[in-house]
Amino acid sequence: MKFFTRGEGGAGELLTVAYPLILSTASNTVMQFINRVFLAHYSPDALAACVPGGLLAFVFGCFFIGTASYTNAFVSRYHGKGKTASVSVAVWQGVWLGLTSGIILLVLSPLGFYIIAHSGHPAAVIVLEKQYFFILNAGGVIAITNTALSAFFTGRGKTKVPMGVNIAGNALCTLLSWLLIFGAGPLPALGISGAGYAALAGQLLMLALYLVIIFSPYNRRRYRTARLVGIHKGLFLRLIKYGAPNGIGFFLDIASFGAFIFIIGGLDKVSLAASNIIASINMIAFMPVIGLGLAALTLVGKYIGKKKPDVSVRVAYNAAKLAGLYALSLGVLFVAVPGLFINIFGSGNSAEYAGILAKSRPVMNVLAFFVFFDAIGMIFADVLRGAGDTRFQMLGASAAAWLLFVPGVWYITHRAGGELIHAWAWGGFYVFLLAVFFTLRFRSGLWRKIDILKG
């Protein structure tokens with residue numbers, strides 16, 4: 001069997017489904033990266049605030065994003081079985097979950113302000129973190145709803161539609177970020193708030209595009225998208241049953257990384273800004289692998305629906321090979337030419353920026369190790385999700401995050417006298433363990449006994 005075959009489960013088929021998703025997530029990566037570069041050139045405080053504030057808003061929405069994203073697994077199963085009406089029913093259950101989340105996220109806003117206020121970050125940074133957090137948290141309902149709507153396409157392997165929608169939304173966000181952060185013509189310079197409003201506008205455009213396509217005459221006729229928008233109690237409960245562990249696991253995983261960023265922020269402002277640069281560069285590896293993992297999840301669900309679990313195994317290993325090759329290539333660049341990435345965040349000859357960039361460069365060697373094992377772990381985590389094996393992931397990964405990763409980084413930075421590079425090295429060890437953990441779980445084959453369509 002050749003690696004790049006277009007046969008069932010081959011890398012060729014995987015790439016056919018994955019490349020639009022990779023381009024989609026890559027466009028999101030580029031958008032966020034450019035926005036952080038804009039903020040870096042706006043002020044050091046804005047750069048220091050954007051990752052903690054944005055990450056906290058993302059953490060608050062993670063449970064709902066993780067649960068709503070599991071709509072994709074149901075759509076792929078029903079599509080594999082040829083049940084077109086059930087595809088629409090599954091999508092609308094995810095949408096109703098997304099809409100409900102908006103109220104809960106708003107209620108949680110004071111908790112977010114409390115966390116930021118007690119983060120130990122400099123006062124000027126805390127003010128900006130609160131502004132950015134509130135805008136993104138209030139608009140989180142749109143992103144979560146978009147996650148469910150995109151499953152209508154990705155679950156059926158129609159990944160070019162989410163690609164076009166995401167590229168359009170991210171392009172609008174990037175343009176508006178430049179206009180609103182720095183100000184242009186009659187528009188005032190809003191700084192970090194401008195970046196938040198631009199992100200919200202991009203998500204609104206994505207929502208509009210998804211709805212227009214889903215309610216097109218063809219989709220209304222074939223999938224009855226306009227007639228099946230109600231709540232289906234049985235399927236909604238199955239989405240919660242299998243999606244909630246996925247959402248909890250996703251929440252605890254991202255929350256642990258959020259805790260990692262906030263703990264590092266307790267060192268000093270220079271370390272926080274340098275860590276934010278490393279985290280921003282990490283997105284270059286992180287976001288495209290999300291697209292590849294989502295493609296693997298889709299194909300795994302499809303072939304399980306067709307009662308071909310051995311093809312799902314082929315999908316998993318081919319996805320891991322592709323992710324590993326990508327991350328390894330990127331890691332070589334991180335080690336060989338770190339300045340190619342780091343220096344983008346510079347701003348003139350400022351002594352403060354010089355200190356930030358100098359502290360960032362050595363961490364790039366650690367990041368090369370980090371991205372490789374993070375990519376492998378993400379792929380096997382996604383294929384397990386596609387197979388319905390979400391509870392074990394939730395328990396195992398969450399235990400590793402909160403009993404090992406977070407306490408370890410706190411001890412390193414607050415008791416052992418460790419610096420930024422030591423904290424990121426601990427993070428590299430943590431993702432290595434996760435990669436081993438998920439790989440062994442998949443190889444055990446226990447996922448073959450799970451059927452998410454039977455409740």
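In table form, for the structure just shown:
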item	result
Test result for Gly355, surrounded by fewer than 23 Cβ atoms within 10 Å (Cβ to Cβ) and at positive phi	no
Evaluation of Ala68 against (1) over 14 Å from the mean Cα position of the chain (by Cα); (2) crowded, with 22+ Cβ neighbours inside 10 Å; (3) under 20 Å from Leu211 (Cα atoms) (one fails), failing number	(1)
Verdict on Gly12 being out of contact with any His (no Cβ under 7 Å at 6 or more places or on another chain) and either under 30 Å from Lys307 (Cβ atoms) or crowded, with 20+ Cβ neighbours inside 10 Å (or both)	yes
Check on Ile344, touching a Ser or Thr at 6+ places or on another chain (Cβ under 8 Å) and surrounded by fewer than 24 Cβ atoms within 10 Å (Cβ to Cβ)	no
Residue among Val311, Val300 that is more than 22 Å from the chain's Cα centre (by Cα) and under 14 Å from Ala11 (Cα atoms)	Val311
Filtered residues of the stretch 7-40 (kept if among the hydrophobic types (A, V, I, L, M, F, W, C) and within 24 Å of Thr147 (Cβ to Cβ))	Leu14, Leu15, Val17, Ala18, Leu21, Ile22, Leu23, Ala26, Val30, Met31, Phe33, Ile34
Residue in the stretch 374-385 that is in contact with a Gly (Cβ under 8 Å, 6 or more places away or on another chain), under 24 Å from Tyr317 (Cα atoms) and surrounded by fewer than 23 Cβ atoms within 10 Å (Cβ to Cβ) present	no
Residue that is surrounded by the fewest Cβ atoms within 10 Å (Cβ to Cβ), among those in the stretch 298-314 that are in contact with a Ser or Thr (Cβ under 9 Å, 6 or more places away or on another chain) and closer than 18 Å to Arg441 by Cβ	Ile304
Considering residues of the stretch 67-100 that are under 18 Å from Pro245 (Cβ atoms) and among the hydrophobic types (A, V, I, L, M, F, W, C) only, the residue modelled with the lowest pLDDT	Ala73
Output for the stretch 215-266, where each listed residue is surrounded by fewer than 20 Cβ atoms within 10 Å (Cβ to Cβ) and outside any helix (DSSP H, G or I)	Phe215, Ser216, Arg224, Ala226, Arg227, Leu228, Val229, Gly230, Ile231, His232, Gly266
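Yes or no, residue by residue, for (1) closer than 18 Å to Gln203 by Cβ; (2) of a type in the set (Val, Ile, Thr); (3) part of a helix (DSSP H, G or I); (4) in contact (Cβ under 8 Å) with a residue 40 or more places away in the chain:
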{"residue": "Ala26", "(1), (2), (3), (4)": "yes, no, yes, yes"}
{"residue": "His41", "(1), (2), (3), (4)": "no, no, yes, yes"}
{"residue": "Ala48", "(1), (2), (3), (4)": "no, no, yes, yes"}
{"residue": "Val51", "(1), (2), (3), (4)": "no, yes, yes, yes"}
{"residue": "Leu55", "(1), (2), (3), (4)": "yes, no, yes, yes"}
{"residue": "Val59", "(1), (2), (3), (4)": "yes, yes, yes, yes"}
{"residue": "Ala68", "(1), (2), (3), (4)": "yes, no, yes, yes"}
{"residue": "His79", "(1), (2), (3), (4)": "no, no, yes, yes"}
{"residue": "Ala85", "(1), (2), (3), (4)": "no, no, yes, yes"}
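Matching residues to (1) within 28 Å of Ala73 (Cα to Cα); (2) out of contact with any Gly (no Cβ under 8 Å at 6 or more places or on another chain):
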{"position": "Ser101", "(1), (2)": "yes, no"}
{"position": "Tyr114", "(1), (2)": "no, yes"}
{"position": "Gly120", "(1), (2)": "no, no"}
{"position": "Glu129", "(1), (2)": "no, no"}
{"position": "Leu136", "(1), (2)": "yes, no"}
{"position": "Thr147", "(1), (2)": "yes, no"}
{"position": "Ser150", "(1), (2)": "yes, yes"}
{"position": "Phe153", "(1), (2)": "yes, yes"}
{"position": "Thr159", "(1), (2)": "yes, yes"}
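For every residue, the table says whether it meets (1) modelled with pLDDT of 90 or more; (2) more than 19 Å from Phe64 (Cα to Cα).
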site: Leu211; (1), (2): yes, yes
site: Ser216; (1), (2): yes, yes
site: Arg221; (1), (2): yes, yes
site: Leu228; (1), (2): no, yes
site: Gly249; (1), (2): no, no
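The values are calculated or read from the model by the stated rules, or taken from the named source; none is laboratory data. Just so we're clear, the structure is a prediction, and the values are computed from it rather than from any experiment. Positions of Cβ are backbone-derived with ideal geometry, glycine not excepted, and every protein chain shown enters the neighbour counts.
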